[in-house]
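A.B. asks: Quick one: structure below, then a few questions.
The values are calculated or read from the model by the stated rules, or taken from the named source; none is laboratory data. Being a predicted model, the structure only gives us computed values, none of them experimental. In this analysis, Cβ positions are derived from the backbone assuming ideal geometry, glycine residues included, and neighbour counts consider all displayed protein chains. These area figures cover heavy atoms from the full protein model, side chains too; ligands, DNA and RNA do not enter into them. Shrake-Rupley method; radii C 1.70, N 1.55, O 1.52, S 1.80 Å.
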Amino acid sequence: MEPNDTIPAAQPGADVPAEPLGAGGPAEPTAAPVRRRPRGRTTLIIAAAALLGIVGGVAVGYGMQAEREPTPLAALSQPGLGYPAKPAAADRAPAPLPAAQDRRAKTDGDLRKLLIDRPKGTRKTLIDELGLGDGWEPIDQYAEMNFEDPHYMFEALAERGLRRVASASWDQGKYRNTEVHLLQFRSGDVLGAAEHVDEQMMYMPLGKRGAGNTGDAIKGSREGRYFLYPVEREAGYLPFYRARALAVRGDIALDISISDSSPISKKDIRTLAERQLERL
């Protein structure tokens, strides 16, 4: 081609390569990237549709039910369901339980009559000799004389529905004293007698507040136990021995204590507790 010659312009419609030609021929066209749908959008759409369906169904059902006439309820009493169909004749009706077999008749009467009798060879305490003891013990006096924190115990007994306390005591020998307490609780949703004894049982194995041991089972009682405390010695004083028994019989809690300056045998406290349970 001569220098004066010019390169003809490309004709309209002519194919002009987008990129320079190489030795290998024209380059392959690049594929455009595909835009993907964000994750979770399909799940949200399905959940929204389901929720709209439930709401719409509830609304339609409520509207239909509101327009219906009320359906009368079935009769509460129906013939032929009573048993027995006819009351028993007077001569065939069962006789009421005798008082000896009816525990409610026993315990709702004079609770003092259920206290164990004072053993032979013992004597009345000074309070009984003065005629001041009638067998009934005020709740505050029971809490004051038997617990380190009487205010707490008085409130706890009141919350558990303590109804009354019957007690008996006697002296034996030179220094031995025995006290028997029957605590009767009111009937209700709280098992006051069981809760009171359970609370006492919890600290009995402790050395400071209790006997420091788990005690022994009382015959004839499911949870009743008796305990011997370790001896307490203090300079200038006689040694102090103590035993205690705890049990439950219905709505009555049994609490027996023996104190002495001489050792107390297990037989003494066990026999006393078993005899008192037999009276209940």
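A.B. asks: Go through region 119-206 and name the GluC sites (Glu not before Pro) that are in a DSSP coil and have 14 or fewer other Cβ atoms within 10 Å of their Cβ.
C.D. replies: On the way: sites: GLU129, GLU144, GLU148, GLU155, GLU159, GLU179, GLU195, GLU199; in loops: GLU148.
Qualifying residues, ordered by number: GLU148.
A.B. asks: Ok, one more. In region 214-280, which GluC sites (Glu not before Pro) are in a loop and have at most 11 other Cβ atoms within 10 Å, using DSSP for the loop call?
C.D. replies: Numbers: sites: GLU223, GLU232, GLU234, GLU274, GLU278; in loops: GLU223, GLU234.
Those satisfying the criteria are GLU234.
A.B. asks: Net charge around ILE258, counting only other residues with Cβ within less than 10 Å of its Cβ (Lys, Arg = +1; Asp, Glu = -1)?
C.D. replies: Charge balance near ILE258 sits at 0.
A.B. asks: Still on this model: Please state the relative contact order of region 134-236 as a whole percent: Cα pairs under 8 Å, 6+ residues apart? Kindly include the intermediate steps, with their values, before the conclusion.
C.D. replies: Working: 119 pairs, mean separation 16.4, N = 103.
So the answer I get is 16 percent.
A.B. asks: Then there's this: Testing the spin-label approximation: label points 7 Å from Cα along Cα→Cβ at MET202 and GLU67. State their distance in nm.
C.D. replies: 6.3
A.B. asks: Let me cross-check HIS151: its accessible surface, 1.4 Å probe, with only protein heavy atoms counted, in Å² to the nearest 10?
C.D. replies: Approximately 140 Å² for this residue.
A.B. asks: Ignoring ligands, DNA and RNA, how do ASP140, ASP255 rank by accessible area with a 1.4 Å probe, largest first?
C.D. replies: Working: ASP140 90, ASP255 5 Å².
Descending accessible area places them as ASP140, ASP255.
A.B. asks: While we're looking at this one, here's another question. If you rank LEU228, LEU277 by how much accessible surface each has, with a 1.4 Å probe, what is the order from largest down? Can you show the working numbers first?
C.D. replies: Numbers: LEU228 50, LEU277 5 Å².
The most accessible residue leads, giving LEU228, LEU277.
A.B. asks: Can I ask one more? What ranking of SER262, SER187 comes out by heavy-atom accessible area, probe 1.4 Å, highest first? Mind dumping the intermediate values first?
C.D. replies: Working: SER262 55, SER187 95 Å².
So the residues, ranked largest to smallest area, are SER187, SER262.
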